[in-house]
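A short reminder: the numbers here are calculations on the coordinates, not readings from a lab. Because the structure is predicted, anything quoted here is derived from the model rather than measured. Cβ atoms come from the backbone with ideal geometry, glycine included; neighbour counts cover every protein chain shown.
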Amino acid sequence: MTQEHLDGNTLAGPLSEIFAVDVTTATGRCASCGMSGPIGALHVYGPDPGLVGRCPGCEEVVLRLVRGPGSAWLDLRGTISLKVHLPD
């Protein structure tokens, strides 16, 4: 039995709920050393050409954020997971 997939636009509602919160309070897990902690505890370098958040445990890059005119790029490849606390 094959299940048909849904269009990616199905994610609009759930993702807007997640990205509408203060992400600095979210718990991220480092892909390199496995350390977990709030995004607000990252060691951040920048601002030019963008912001780089490094793990306070191993100093590996956890995230990169670059802003341009009318756009932003967010690279989370150094993060295994991001636990976001949602309001009730």
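The figures follow:
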| quantity | calculated |
| --- | --- |
| Value at 222 nm in deg cm²/dmol, rounded to 500, when DSSP H runs of n ≥ 4 in the chain each add -39,500 (n - 2.57) | -2000 deg cm²/dmol |
| Simple label model, 7 Å out from Cα along Cβ direction - Asp88 to Glu17, nm | 1.6 nm |
